[in-house]
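The values are calculated or read from the model by the stated rules, or taken from the named source; none is laboratory data. For clarity, every value in this text was computed on a predicted model and none was experimentally measured. Note that each Cβ is placed from the backbone with ideal geometry, even for glycine, and that neighbours are counted across all protein chains shown. Quick note on the areas: whole protein, heavy atoms, side chains included, nothing else; ligands and nucleic acids left out. Shrake-Rupley method; radii C 1.70, N 1.55, O 1.52, S 1.80 Å.
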Amino acid sequence: MQLQDTEIEYAKAKLKDFSVDYLQSCGHSPLAFIHSFGCQQNVSDGEKLKGKLADIGFGFTDEYTKADLIIFNTCAVRENAEDKVFGTIGDLKHFKEQNPDTVIAVCGCMAQQKHIAEKIKETYKQVDLVFGTFAYNEFYQMLWYVISNKKRLFNISENSTEISEDFKQLRDDKLKAFVPIMYGCNNFCTYCIVPYVRGRERSRKPEAVVDEVKRLVEDGYKEITLLGQNVNSYSYGFAELLKNIDSIPGKFRIRFMSSHPKDASKELIDTILGSEKVCKCLHLPVQSGCDRILAAMNRRYTKAQYLEIINYAREKSPDFSFSTDLIVGFPGETYEEFCETKELIKQVKYDNIYSFVYSRRSGTKAAELEDNISDKQKGLWLRELLLEQREVSSQWLSRFVGKTVEVLADGEGRTGEGYITGKTDEGIIVEFEGEKKLIGEFIQVRITKAMNWALAGELVEDK
Ligand code: SAM
Ligand code: SF4
Ligand code: F3S
(Lines give C-alpha, C1' and ligand atoms only; values in the text may rest on other atoms or scores of the structure.)
(Ligands and ions follow the chains in the order given, each with its own letter.)
Protein backbone atom coordinates (compact mmCIF):
# COMPACT_ATOMS: atom_id res chain seq x y z
CA MET A 1 0.00 0.00 0.00
CA GLN A 2 1.01 3.62 -0.59
CA LEU A 3 1.09 5.89 2.45
CA GLN A 4 0.69 9.53 1.46
CA ASP A 5 2.56 12.39 3.12
CA THR A 6 -0.65 14.35 3.63
CA GLU A 7 -1.90 11.63 5.94
CA ILE A 8 0.80 12.17 8.57
CA GLU A 9 -1.07 14.83 10.57
CA TYR A 10 -4.34 12.90 10.30
CA ALA A 11 -2.72 9.68 11.56
CA LYS A 12 -0.93 11.55 14.33
CA ALA A 13 -4.18 13.17 15.52
CA LYS A 14 -5.95 9.80 15.46
CA LEU A 15 -3.17 8.17 17.46
CA LYS A 16 -3.32 10.99 20.03
CA ASP A 17 -7.07 10.36 20.40
CA PHE A 18 -6.34 6.67 20.76
CA SER A 19 -3.91 7.42 23.64
CA VAL A 20 -6.42 9.70 25.39
CA ASP A 21 -9.19 7.07 25.13
CA TYR A 22 -6.78 4.42 26.36
CA LEU A 23 -5.78 6.57 29.34
CA GLN A 24 -9.42 7.17 30.24
CA SER A 25 -10.36 3.52 30.10
CA CYS A 26 -7.20 1.95 31.61
CA GLY A 27 -5.96 4.71 33.93
CA HIS A 28 -2.52 4.86 32.25
CA SER A 29 -1.04 5.66 28.85
CA PRO A 30 -0.60 2.95 26.23
CA LEU A 31 2.86 1.45 26.66
CA ALA A 32 5.59 0.68 24.13
CA PHE A 33 8.55 -1.67 24.45
CA ILE A 34 11.38 -0.89 22.02
CA HIS A 35 14.52 -2.96 21.65
CA SER A 36 17.27 -1.86 19.26
CA PHE A 37 19.86 -4.42 18.13
CA GLY A 38 23.08 -3.53 16.30
CA CYS A 39 25.07 -0.33 16.04
CA GLN A 40 24.75 3.18 17.47
CA GLN A 41 22.92 4.28 14.33
CA ASN A 42 20.18 1.84 15.21
CA VAL A 43 20.12 2.99 18.83
CA SER A 44 19.67 6.52 17.52
CA ASP A 45 16.82 5.42 15.21
CA GLY A 46 15.19 3.67 18.18
CA GLU A 47 15.40 6.91 20.18
CA LYS A 48 13.66 8.74 17.32
CA LEU A 49 10.81 6.22 17.33
CA LYS A 50 10.55 6.74 21.09
CA GLY A 51 10.34 10.49 20.53
CA LYS A 52 7.56 9.99 17.99
CA LEU A 53 5.66 7.73 20.38
CA ALA A 54 6.06 10.10 23.34
CA ASP A 55 4.64 12.84 21.11
CA ILE A 56 1.37 10.94 20.66
CA GLY A 57 0.98 10.11 24.34
CA PHE A 58 2.65 6.70 24.67
CA GLY A 59 4.62 5.70 27.75
CA PHE A 60 7.39 3.08 27.84
CA THR A 61 8.05 -0.20 29.59
CA ASP A 62 11.06 -2.52 29.87
CA GLU A 63 8.76 -5.54 30.10
CA TYR A 64 7.29 -6.59 26.78
CA THR A 65 4.49 -8.44 28.56
CA LYS A 66 3.10 -5.09 29.71
CA ALA A 67 3.37 -3.42 26.28
CA ASP A 68 0.60 -2.50 23.83
CA LEU A 69 3.23 -2.01 21.14
CA ILE A 70 6.41 -4.09 20.85
CA ILE A 71 9.10 -2.91 18.41
CA PHE A 72 12.26 -4.79 17.48
CA ASN A 73 14.64 -2.49 15.64
CA THR A 74 16.92 -5.00 13.96
CA CYS A 75 20.47 -5.42 12.63
CA ALA A 76 21.51 -7.44 9.58
CA VAL A 77 25.28 -7.17 9.76
CA ARG A 78 25.91 -10.79 10.74
CA GLU A 79 23.86 -13.95 10.66
CA ASN A 80 23.85 -14.35 14.44
CA ALA A 81 22.23 -10.90 14.78
CA GLU A 82 19.40 -12.09 12.54
CA ASP A 83 19.08 -15.44 14.32
CA LYS A 84 18.62 -13.61 17.62
CA VAL A 85 15.68 -11.64 16.21
CA PHE A 86 13.99 -14.71 14.72
CA GLY A 87 14.40 -16.45 18.08
CA THR A 88 12.87 -13.49 19.90
CA ILE A 89 9.86 -13.04 17.62
CA GLY A 90 9.36 -16.81 17.48
CA ASP A 91 9.02 -16.79 21.28
CA LEU A 92 6.17 -14.25 21.01
CA LYS A 93 3.78 -16.58 19.17
CA HIS A 94 2.00 -17.72 22.31
CA PHE A 95 2.03 -14.20 23.79
CA LYS A 96 0.30 -12.82 20.69
CA GLU A 97 -2.39 -15.52 20.89
CA GLN A 98 -3.12 -14.46 24.47
CA ASN A 99 -2.83 -10.71 23.66
CA PRO A 100 -4.20 -10.23 20.14
CA ASP A 101 -4.45 -6.43 20.52
CA THR A 102 -0.76 -5.96 21.22
CA VAL A 103 0.91 -4.70 18.04
CA ILE A 104 4.23 -6.41 17.26
CA ALA A 105 6.54 -4.58 14.85
CA VAL A 106 9.90 -5.47 13.30
CA CYS A 107 11.86 -2.63 11.71
CA GLY A 108 15.41 -1.60 10.77
CA CYS A 109 18.16 -3.14 8.65
CA MET A 110 17.03 -6.74 8.75
CA ALA A 111 13.44 -5.82 7.88
CA GLN A 112 14.67 -3.83 4.87
CA GLN A 113 15.66 -7.06 3.10
CA LYS A 114 12.94 -8.50 0.89
CA HIS A 115 13.64 -12.14 1.71
CA ILE A 116 13.42 -11.39 5.43
CA ALA A 117 10.14 -9.45 5.11
CA GLU A 118 8.75 -12.39 3.14
CA LYS A 119 9.92 -14.92 5.71
CA ILE A 120 8.21 -12.92 8.46
CA LYS A 121 5.03 -12.63 6.36
CA GLU A 122 4.87 -16.39 5.83
CA THR A 123 6.27 -17.83 9.04
CA TYR A 124 5.85 -15.29 11.82
CA LYS A 125 2.16 -14.39 11.63
CA GLN A 126 2.34 -12.88 15.12
CA VAL A 127 4.17 -9.88 13.61
CA ASP A 128 1.73 -7.13 12.54
CA LEU A 129 4.05 -4.49 11.14
CA VAL A 130 7.34 -4.70 9.24
CA PHE A 131 9.08 -1.58 8.02
CA GLY A 132 12.54 -0.86 6.67
CA THR A 133 15.07 1.90 7.24
CA PHE A 134 13.49 4.26 4.70
CA ALA A 135 10.06 4.26 6.30
CA TYR A 136 10.61 6.04 9.64
CA ASN A 137 8.94 9.20 8.33
CA GLU A 138 5.78 7.18 7.71
CA PHE A 139 5.69 5.72 11.21
CA TYR A 140 2.43 7.39 12.30
CA GLN A 141 0.53 6.35 9.19
CA MET A 142 1.78 2.77 9.46
CA LEU A 143 0.96 2.46 13.14
CA TRP A 144 -2.50 3.97 12.72
CA TYR A 145 -3.20 1.69 9.76
CA VAL A 146 -2.37 -1.41 11.82
CA ILE A 147 -4.25 -0.29 14.92
CA SER A 148 -7.38 0.93 13.13
CA ASN A 149 -7.68 -1.80 10.48
CA LYS A 150 -6.34 -4.65 12.58
CA LYS A 151 -4.44 -5.74 9.48
CA ARG A 152 -0.80 -6.56 8.88
CA LEU A 153 1.39 -4.07 7.01
CA PHE A 154 4.73 -4.56 5.22
CA ASN A 155 6.54 -1.44 4.07
CA ILE A 156 10.08 -1.86 2.78
CA SER A 157 9.93 0.55 -0.15
CA GLU A 158 12.83 2.95 -0.66
CA ASN A 159 10.73 5.93 -1.72
CA SER A 160 11.71 8.31 1.08
CA THR A 161 15.42 9.13 1.29
CA GLU A 162 14.69 12.59 2.67
CA ILE A 163 16.29 13.47 5.99
CA SER A 164 13.64 14.65 8.40
CA GLU A 165 14.73 17.16 11.05
CA ASP A 166 11.21 17.30 12.37
CA PHE A 167 11.28 14.97 15.36
CA LYS A 168 11.82 14.95 19.08
CA GLN A 169 14.31 12.26 19.96
CA LEU A 170 13.83 10.61 23.35
CA ARG A 171 17.31 9.62 24.50
CA ASP A 172 17.99 6.75 26.88
CA ASP A 173 21.20 8.23 28.30
CA LYS A 174 21.43 11.58 30.06
CA LEU A 175 25.21 11.93 29.76
CA LYS A 176 26.19 10.62 26.34
CA ALA A 177 24.35 11.31 23.09
CA PHE A 178 24.63 9.93 19.56
CA VAL A 179 24.20 12.44 16.77
CA PRO A 180 23.99 11.05 13.23
CA ILE A 181 25.60 13.38 10.71
CA MET A 182 24.94 11.20 7.69
CA TYR A 183 23.05 8.10 6.68
CA GLY A 184 23.78 5.29 4.24
CA CYS A 185 27.01 4.09 2.69
CA ASN A 186 28.53 4.17 -0.80
CA ASN A 187 31.48 1.90 -0.22
CA PHE A 188 30.21 -1.59 -0.98
CA CYS A 189 32.84 -3.55 0.90
CA THR A 190 32.23 -6.99 -0.57
CA TYR A 191 31.25 -8.66 2.73
CA CYS A 192 28.90 -5.95 3.97
CA ILE A 193 25.12 -5.66 3.82
CA VAL A 194 24.91 -2.06 5.08
CA PRO A 195 24.85 -0.28 1.66
CA TYR A 196 21.96 -2.54 0.61
CA VAL A 197 19.85 -1.92 3.69
CA ARG A 198 20.73 1.71 4.37
CA GLY A 199 20.96 3.06 0.81
CA ARG A 200 23.32 5.74 -0.54
CA GLU A 201 25.04 8.40 1.55
CA ARG A 202 22.93 11.37 2.62
CA SER A 203 24.44 14.10 4.83
CA ARG A 204 22.59 16.28 7.31
CA LYS A 205 23.08 20.02 6.95
CA PRO A 206 25.90 21.30 9.21
CA GLU A 207 23.56 23.90 10.78
CA ALA A 208 21.16 21.14 11.86
CA VAL A 209 24.01 19.10 13.41
CA VAL A 210 25.57 22.09 15.20
CA ASP A 211 22.16 23.21 16.55
CA GLU A 212 21.47 19.74 17.86
CA VAL A 213 24.83 19.56 19.63
CA LYS A 214 24.28 23.03 21.13
CA ARG A 215 20.92 21.94 22.54
CA LEU A 216 22.42 18.75 23.94
CA VAL A 217 25.22 20.65 25.67
CA GLU A 218 22.69 23.08 27.13
CA ASP A 219 20.76 20.06 28.41
CA GLY A 220 23.86 18.85 30.25
CA TYR A 221 25.20 16.18 27.87
CA LYS A 222 28.93 15.62 28.38
CA GLU A 223 29.83 13.38 25.47
CA ILE A 224 28.62 13.72 21.90
CA THR A 225 29.35 10.96 19.39
CA LEU A 226 28.91 11.93 15.75
CA LEU A 227 27.75 8.99 13.66
CA GLY A 228 28.11 7.91 10.06
CA GLN A 229 29.29 4.78 8.24
CA ASN A 230 32.14 6.87 6.87
CA VAL A 231 32.18 10.32 8.47
CA ASN A 232 35.10 11.34 6.24
CA SER A 233 32.81 11.51 3.25
CA TYR A 234 30.39 13.92 4.99
CA SER A 235 29.29 16.12 2.06
CA TYR A 236 29.85 19.48 3.73
CA GLY A 237 33.38 18.75 4.98
CA PHE A 238 34.00 16.73 8.13
CA ALA A 239 37.07 18.60 9.44
CA GLU A 240 35.10 21.86 9.15
CA LEU A 241 32.16 20.35 11.03
CA LEU A 242 34.47 19.15 13.81
CA LYS A 243 35.94 22.64 14.14
CA ASN A 244 32.47 24.20 14.35
CA ILE A 245 31.34 21.79 17.02
CA ASP A 246 34.61 22.21 18.90
CA SER A 247 33.91 25.94 19.18
CA ILE A 248 30.53 25.45 20.91
CA PRO A 249 30.99 26.79 24.46
CA GLY A 250 30.79 24.36 27.40
CA LYS A 251 32.67 21.43 28.87
CA PHE A 252 32.00 18.33 26.80
CA ARG A 253 33.73 15.70 24.68
CA ILE A 254 33.34 15.01 20.99
CA ARG A 255 33.77 11.53 19.54
CA PHE A 256 32.92 10.19 16.12
CA MET A 257 32.67 6.92 14.24
CA SER A 258 33.48 5.42 11.82
CA SER A 259 36.30 6.68 9.65
CA HIS A 260 37.05 4.72 6.51
CA PRO A 261 40.86 4.46 6.21
CA LYS A 262 40.74 5.21 2.47
CA ASP A 263 39.44 8.71 3.33
CA ALA A 264 41.12 9.34 6.70
CA SER A 265 43.48 12.20 5.94
CA LYS A 266 46.40 13.85 7.70
CA GLU A 267 44.14 16.91 7.91
CA LEU A 268 41.77 14.85 10.05
CA ILE A 269 44.59 13.97 12.46
CA ASP A 270 45.67 17.64 12.57
CA THR A 271 42.09 18.71 13.27
CA ILE A 272 41.80 16.21 16.13
CA LEU A 273 45.13 17.25 17.63
CA GLY A 274 44.38 20.96 17.20
CA SER A 275 40.98 20.81 18.86
CA GLU A 276 40.02 21.34 22.45
CA LYS A 277 37.14 18.90 22.80
CA VAL A 278 37.65 16.20 20.17
CA CYS A 279 38.99 13.07 21.89
CA LYS A 280 42.53 12.19 20.91
CA CYS A 281 41.67 8.82 19.51
CA LEU A 282 40.52 7.37 16.24
CA HIS A 283 38.45 4.32 15.44
CA LEU A 284 39.96 3.23 12.14
CA PRO A 285 38.52 -0.12 11.03
CA VAL A 286 41.20 -2.02 9.10
CA GLN A 287 39.36 -5.39 8.69
CA SER A 288 42.53 -7.25 7.63
CA GLY A 289 46.31 -6.86 7.69
CA CYS A 290 46.75 -8.59 4.33
CA ASP A 291 46.73 -6.68 1.04
CA ARG A 292 45.22 -9.54 -0.96
CA ILE A 293 42.29 -9.82 1.45
CA LEU A 294 41.87 -6.02 1.61
CA ALA A 295 41.56 -5.95 -2.19
CA ALA A 296 39.09 -8.86 -2.13
CA MET A 297 37.09 -6.92 0.45
CA ASN A 298 37.11 -3.84 -1.84
CA ARG A 299 38.50 -1.69 0.98
CA ARG A 300 40.55 0.44 -1.45
CA TYR A 301 43.67 0.90 0.71
CA THR A 302 46.76 -1.18 1.36
CA LYS A 303 48.34 -2.02 4.69
CA ALA A 304 51.12 0.49 3.91
CA GLN A 305 48.62 3.29 3.25
CA TYR A 306 46.82 2.43 6.47
CA LEU A 307 50.07 2.52 8.45
CA GLU A 308 50.94 5.90 6.96
CA ILE A 309 48.02 7.50 8.85
CA ILE A 310 48.88 5.63 12.05
CA ASN A 311 52.54 6.69 11.83
CA TYR A 312 51.64 10.31 11.04
CA ALA A 313 49.46 10.51 14.17
CA ARG A 314 52.05 8.79 16.38
CA GLU A 315 54.86 11.06 15.14
CA LYS A 316 52.83 14.06 16.23
CA SER A 317 51.48 12.46 19.39
CA PRO A 318 53.27 9.24 20.41
CA ASP A 319 50.46 8.02 22.67
CA PHE A 320 47.72 8.60 20.09
CA SER A 321 45.05 5.99 20.61
CA PHE A 322 43.61 3.78 17.87
CA SER A 323 40.90 1.17 17.84
CA THR A 324 39.73 -1.00 14.98
CA ASP A 325 37.33 -3.58 13.54
CA LEU A 326 38.65 -6.90 12.20
CA ILE A 327 37.12 -9.77 10.29
CA VAL A 328 38.57 -13.27 10.43
CA GLY A 329 37.81 -16.04 7.96
CA PHE A 330 36.97 -14.00 4.84
CA PRO A 331 36.38 -16.51 1.97
CA GLY A 332 39.70 -17.87 0.71
CA GLU A 333 41.76 -16.42 3.58
CA THR A 334 44.72 -18.63 4.48
CA TYR A 335 46.29 -19.05 7.90
CA GLU A 336 49.35 -17.11 6.71
CA GLU A 337 47.11 -14.23 5.60
CA PHE A 338 45.31 -14.31 8.93
CA CYS A 339 48.73 -14.10 10.65
CA GLU A 340 49.35 -10.82 8.81
CA THR A 341 46.35 -9.40 10.68
CA LYS A 342 47.79 -10.66 13.97
CA GLU A 343 51.09 -9.01 13.04
CA LEU A 344 49.35 -5.70 12.32
CA ILE A 345 47.81 -5.73 15.80
CA LYS A 346 51.33 -5.90 17.24
CA GLN A 347 52.58 -3.20 14.93
CA VAL A 348 49.81 -0.66 15.51
CA LYS A 349 49.23 -1.34 19.22
CA TYR A 350 45.49 -0.74 19.40
CA ASP A 351 43.80 0.16 22.64
CA ASN A 352 40.77 -1.78 21.56
CA ILE A 353 39.72 -4.14 18.79
CA TYR A 354 36.26 -5.31 17.74
CA SER A 355 36.78 -8.59 15.96
CA PHE A 356 34.20 -10.64 14.10
CA VAL A 357 33.99 -13.98 12.38
CA TYR A 358 33.09 -13.49 8.71
CA SER A 359 29.40 -14.00 8.15
CA ARG A 360 28.01 -14.61 4.68
CA ARG A 361 25.40 -11.98 3.78
CA SER A 362 23.14 -12.85 0.94
CA GLY A 363 23.13 -10.25 -1.84
CA THR A 364 26.74 -9.13 -1.23
CA LYS A 365 29.63 -9.79 -3.64
CA ALA A 366 31.51 -11.98 -1.17
CA ALA A 367 28.45 -14.21 -0.79
CA GLU A 368 29.24 -15.51 -4.28
CA LEU A 369 32.69 -16.70 -3.16
CA GLU A 370 33.15 -20.15 -1.75
CA ASP A 371 33.19 -19.86 2.04
CA ASN A 372 35.81 -22.57 2.51
CA ILE A 373 36.74 -22.04 6.15
CA SER A 374 34.84 -24.04 8.75
CA ASP A 375 33.10 -22.28 11.63
CA LYS A 376 35.38 -24.16 14.02
CA GLN A 377 38.46 -22.82 12.24
CA LYS A 378 37.12 -19.27 12.22
CA GLY A 379 36.38 -19.57 15.94
CA LEU A 380 39.95 -20.69 16.64
CA TRP A 381 41.39 -17.79 14.65
CA LEU A 382 39.20 -15.36 16.53
CA ARG A 383 40.47 -16.71 19.85
CA GLU A 384 44.05 -16.42 18.65
CA LEU A 385 43.47 -12.83 17.62
CA LEU A 386 41.92 -11.92 20.95
CA LEU A 387 44.80 -13.49 22.87
CA GLU A 388 47.25 -11.48 20.79
CA GLN A 389 45.32 -8.28 21.45
CA ARG A 390 45.13 -9.01 25.17
CA GLU A 391 48.91 -9.25 25.30
CA VAL A 392 49.42 -6.13 23.21
CA SER A 393 46.90 -3.97 25.04
CA SER A 394 47.97 -4.96 28.55
CA GLN A 395 51.48 -3.72 27.73
CA TRP A 396 50.37 -0.72 25.71
CA LEU A 397 47.95 0.44 28.42
CA SER A 398 50.83 0.66 30.88
CA ARG A 399 51.83 3.93 29.18
CA PHE A 400 49.17 5.56 31.37
CA VAL A 401 50.56 4.32 34.71
CA GLY A 402 51.75 7.23 36.85
CA LYS A 403 49.95 9.79 34.68
CA THR A 404 46.99 11.92 35.70
CA VAL A 405 44.16 11.75 33.19
CA GLU A 406 40.73 13.28 32.84
CA VAL A 407 37.93 10.77 33.27
CA LEU A 408 34.22 11.23 32.64
CA ALA A 409 32.66 9.21 35.47
CA ASP A 410 29.72 7.27 34.06
CA GLY A 411 28.67 4.53 36.46
CA GLU A 412 29.23 2.38 39.51
CA GLY A 413 32.41 0.30 39.54
CA ARG A 414 32.66 -3.46 39.23
CA THR A 415 35.06 -3.75 42.18
CA GLY A 416 32.16 -3.16 44.55
CA GLU A 417 30.69 -0.58 46.92
CA GLY A 418 32.59 2.71 46.98
CA TYR A 419 34.05 2.32 43.47
CA ILE A 420 33.02 4.16 40.35
CA THR A 421 34.03 3.85 36.74
CA GLY A 422 34.52 6.17 33.81
CA LYS A 423 36.35 6.62 30.52
CA THR A 424 39.45 8.50 29.51
CA ASP A 425 39.59 10.71 26.46
CA GLU A 426 40.83 7.61 24.59
CA GLY A 427 37.74 5.68 25.63
CA ILE A 428 39.64 3.45 28.08
CA ILE A 429 37.75 2.25 31.15
CA VAL A 430 39.14 3.44 34.50
CA GLU A 431 37.93 2.16 37.84
CA PHE A 432 38.62 4.11 41.03
CA GLU A 433 37.38 4.73 44.55
CA GLY A 434 34.88 7.57 44.62
CA GLU A 435 31.41 8.63 45.66
CA LYS A 436 28.42 8.02 43.40
CA LYS A 437 27.65 11.72 43.32
CA LEU A 438 30.70 12.14 41.04
CA ILE A 439 28.95 10.23 38.24
CA GLY A 440 28.42 12.64 35.37
CA GLU A 441 31.46 14.77 36.25
CA PHE A 442 34.87 15.16 34.62
CA ILE A 443 37.44 14.09 37.22
CA GLN A 444 41.23 14.00 37.44
CA VAL A 445 42.44 10.47 38.17
CA ARG A 446 46.00 9.24 38.72
CA ILE A 447 46.49 5.88 37.03
CA THR A 448 48.01 3.28 39.35
CA LYS A 449 47.67 0.05 37.40
CA ALA A 450 47.04 -1.27 33.90
CA MET A 451 44.96 -4.40 33.51
CA ASN A 452 44.09 -6.30 30.32
CA TRP A 453 41.33 -4.05 29.06
CA ALA A 454 41.10 -1.34 31.69
CA LEU A 455 42.97 0.90 34.10
CA ALA A 456 42.79 1.34 37.87
CA GLY A 457 43.41 4.70 39.46
CA GLU A 458 42.89 7.05 42.37
CA LEU A 459 41.17 10.38 42.60
CA VAL A 460 43.42 13.42 42.54
CA GLU A 461 42.07 15.67 45.29
CA ASP A 462 41.55 19.36 44.48
CA LYS A 463 44.02 21.48 46.40
N1 SAM B 1 31.22 1.63 8.23
C2 SAM B 1 32.09 1.08 9.17
C3 SAM B 1 33.47 0.91 8.52
O4 SAM B 1 33.58 0.68 7.37
O5 SAM B 1 34.37 0.99 9.27
C6 SAM B 1 31.68 -0.24 9.69
C7 SAM B 1 30.28 -0.49 9.98
S8 SAM B 1 29.86 -2.20 10.18
C9 SAM B 1 28.27 -1.95 10.69
C10 SAM B 1 30.77 -2.64 11.63
C11 SAM B 1 31.73 -3.76 11.43
O12 SAM B 1 31.05 -4.96 11.22
C13 SAM B 1 32.63 -3.65 10.24
O14 SAM B 1 33.69 -2.78 10.43
C15 SAM B 1 33.09 -5.09 10.05
O16 SAM B 1 34.23 -5.36 10.81
C17 SAM B 1 31.92 -5.87 10.61
N18 SAM B 1 31.19 -6.58 9.55
C19 SAM B 1 30.48 -6.04 8.53
N20 SAM B 1 30.00 -7.01 7.73
C21 SAM B 1 30.41 -8.19 8.26
C22 SAM B 1 30.25 -9.56 7.88
N23 SAM B 1 29.57 -9.91 6.80
N24 SAM B 1 30.81 -10.50 8.66
C25 SAM B 1 31.51 -10.18 9.76
N26 SAM B 1 31.70 -8.92 10.16
C27 SAM B 1 31.16 -7.92 9.42
FE1 SF4 C 1 29.98 -1.69 5.35
FE2 SF4 C 1 32.19 -0.91 4.15
FE3 SF4 C 1 30.10 0.72 4.27
FE4 SF4 C 1 31.49 0.19 6.45
S5 SF4 C 1 32.25 1.25 4.65
S6 SF4 C 1 29.27 0.20 6.25
S7 SF4 C 1 32.06 -1.92 6.17
S8 SF4 C 1 30.24 -1.19 3.17
FE1 F3S D 1 23.97 -0.93 12.09
FE2 F3S D 1 23.48 -3.48 11.86
FE3 F3S D 1 22.25 -1.79 10.31
S4 F3S D 1 25.39 -2.60 12.32
S5 F3S D 1 23.59 -0.04 10.08
S6 F3S D 1 22.09 -1.93 12.55
S7 F3S D 1 23.07 -3.74 9.71
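Overview of values
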{"read-out": "At most 10 other Cβ within 10 Å, DSSP loop - GluC sites (Glu not before Pro), segment 241-347", "value": "Glu276"}
{"read-out": "His35 accessible area, 1.4 Å probe, all protein chains in place, Å² to nearest 10", "value": "80"}
{"read-out": "Accessible area of Thr415 in the full protein assembly, 1.4 Å probe (Å², nearest 10)", "value": "90"}
{"read-out": "Integer Hz, Karplus 6.51/-1.76/1.60 couplings in order for segment 30-46, x for Gly and Pro", "value": "x, 10, 10, 10, 10, 10, 9, 9, x, 8, 4, 4, 5, 4, 4, 4, x"}
{"read-out": "DSSP beta bridge pairing in segment 173-279, given as percent antiparallel to the nearest 5", "value": "15"}
{"read-out": "Surface accessible to a 1.4 Å probe, Asp101 within the full protein complex, Å²", "value": "110"}
{"read-out": "Helix-derived mean residue ellipticity, 222 nm - over the chain, DSSP H n ≥ 4, -39500 (n - 2.57), to 500", "value": "-11000 deg cm²/dmol"}
{"read-out": "Cut-off 14 Å between beta-carbons: net charge of the residues surrounding Lys84, Lys and Arg +1, Asp and Glu -1", "value": "-3"}
{"read-out": "Förster-model FRET efficiency, 56 Å R0, Lys403 and Lys121, C-beta, rounded to 0.05", "value": "0.45"}
{"read-out": "Estimated FRET transfer efficiency when R0 is 51 angstrom, pair Thr448-Ser362 (beta carbons, to 0.05)", "value": "0.55"}
{"read-out": "Free-standing Cys, the chain [no other Cys Cβ under 4.7 Å]", "value": "Cys26, Cys39, Cys75, Cys107, Cys109, Cys185, Cys279, Cys281, Cys290, Cys339"}
{"read-out": "Packing rank of 448-455, 228-235, where each peptide gets the mean count of other beta carbons within 10 Å, highest leading", "value": "228-235, 448-455"}
{"read-out": "Electrostatic dipole magnitude of segment 51-107 [Cβ: Lys, Arg +1; Asp, Glu -1; Cα centre; debye, to 20]", "value": "80"}
{"read-out": "Where Lys423, Lys12, Lys168 fall by accessible area, highest first, once all protein chains stay in place (1.4 Å)", "value": "Lys168, Lys423, Lys12"}
{"read-out": "Sequence ranges 369-377, 298-306, ranked by mean other-Cβ count within 10 angstrom, highest first", "value": "298-306, 369-377"}
{"read-out": "Å² of accessible area per residue within the chain, as computed with a 1.4 Å probe and no ligands counted", "value": "46"}
{"read-out": "Integer Hz, Karplus 6.51/-1.76/1.60 couplings in order for segment 343-354, x for Gly and Pro", "value": "5, 4, 4, 5, 5, 6, 6, 7, 7, 8, 10, 10"}
{"read-out": "Mean Cβ neighbour count within 10 Å, used as a protection proxy, ranking 324-331, 352-359 highest first", "value": "324-331, 352-359"}
